[in-house]
Amino acid sequence: MAFNERLANRIRAQFSFFPETFTEKKMFGGICFMYEGKMVVGIVKEDLMVRIKSEKMEENLAKDFVRPMDFTKKPMKEFVYVSPEGCETELELLHWIELGLEHAKYKLNQ
């Protein structure tokens with residue numbers, strides 16, 4: 001299983017700023033970071049994978065370097081891939097983590 005370990009370490013470092021506790025799980029041929037058993041973000045090869053609430057999909061898909069997650073050869077609901085260029089800075093990475101955490105908390109409250 002090959003994934004961008006540098007990106008994984010950047011994600012782990014970002015988590016230190018959150019009061020929540022996150023876990024890691026090998027999934028989708030990469031690694032996923034979970035909150036209370038719900039996926040927040042993950043890494044598949046070089047891409048960041050993010051779960052986003054449905055009502056925020058359109059605005060985030062319009063951003064550069066973002067595309068629907070098509071792991072199964074067709075777009076998966078509430079999942080996007082972010083190319084490395086879309087999460088180069090820590091502020092960009094934080095944006096994606098916050099969206100993923102928002103989704104995880106939403107799913108926990110359903």
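Bear in mind these aren't lab numbers, they're just calculated from the coordinates by the rules spelled out. Bear in mind the structure is a predicted one, so any value in this text is a computation, not a measurement. Ideal geometry is used to build each Cβ from the backbone, glycine not excepted, and the neighbour counts take in all protein chains shown.
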Just the number: Rg to Rh for the range 5-108, Cα atoms, Kirkwood Rh, two decimals.
0.92
For the range 50-65, in residue order, the Karplus 3J(HN,Hα) values (coefficients 6.51, -1.76, 1.60; θ = phi - 60°; whole Hz; Gly and Pro = x) are 9, 8, 10, 4, 3, 5, 10, 5, 4, 5, 7, 5, 6, 6, 4, 6
For the pair SER54 and ARG12, what calculated FRET efficiency results from E = 1/(1 + (r/R0)^6), where r is the Cβ-Cβ distance and R0 = 41 Å, to the nearest 0.05?
0.90
Do any of LYS25/LYS56; LYS25/LYS45; LYS38/LYS105 go past 19 Å between their Cα atoms, and which?
LYS25/LYS56
Within a 10 angstrom radius of the beta carbon, how do TYR106, TYR35 rank from fewest other beta carbons to most?
TYR106, TYR35
Taking SER83, SER54, SER16 and counting other C-beta atoms within 10 Å, the order from fewest to most:
SER16, SER54, SER83
Integer Hz, Karplus 6.51/-1.76/1.60 couplings in order for the range 91-102, x for Gly and Pro
5, 5, 4, 4, 4, 5, 4, 4, 5, x, 5, 4
Could you tell me which trypsin sites (Lys or Arg not before Pro) in the range 3-110 are loop residues by DSSP with no more than 16 other beta carbons within 10 angstrom of their beta carbon?
LYS53, LYS63, LYS73, LYS77
Can you list residues from other chains, or at least 5 along the same chain, whose modelled amide H is less than 5 Å from the amide H of LYS53?
HIS103
For the range 5-108, what relative contact order do you get, as a whole percent, if you take Cα pairs closer than 8 Å and at least 6 residues apart?
27 percent
Between PHE17, PHE33, PHE65, where does the largest GNM mean-square fluctuation fall for the chain, given springs only between Cα atoms within less than 10 Å?
PHE17
Would you calculate, for the chain, the mean residue ellipticity at 222 nm contributed by helices, counting each DSSP H stretch of 4 or more residues as -39,500 (n - 2.57) and dividing by all residues, to the nearest 500?
-10000 deg cm²/dmol
